[in-house]
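Below is one structure, written out as structure tokens; the observations come after it.
Bear in mind that the values in this text are calculations on the coordinates, not laboratory data. All of these numbers come straight from a predicted model, not from anything done at the bench. Every residue, glycine among them, receives a Cβ derived from its backbone with ideal geometry; neighbour counts consider all protein chains shown.
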Amino acid sequence: SDMEVQMKQRCVTEFLHAEKMAPIDIHRHLLNIYEDQTVNMSAVRWWVVRFSSGDGNMKDKPCSGQPCTAVTPQNEE
């Protein structure tokens, strides 16, 4: 699944970051391995920032946002 591929890339990113590799080089490595399934560069940068701050948690944190459902005139009936 896409989530499994993303999790693998996050793990690879954490490892390569620990090896002192720059985010751009990490992204290049990911492109070589995952090709069209590679996460974008901003995701790699975000993960590196999290790892640099000591946040090694591999799961995404829950976030507030729009509810999963919405009431509209069409579905209100």
Full-stretch length increase - Ala22, Glu35 - with 0.36 nm per residue and alpha-carbon distance subtracted
2.8 nm
Kindly rank 40-49, 14-23 from highest to lowest mean number of other beta carbons found within 10 Å of each residue.
40-49, 14-23
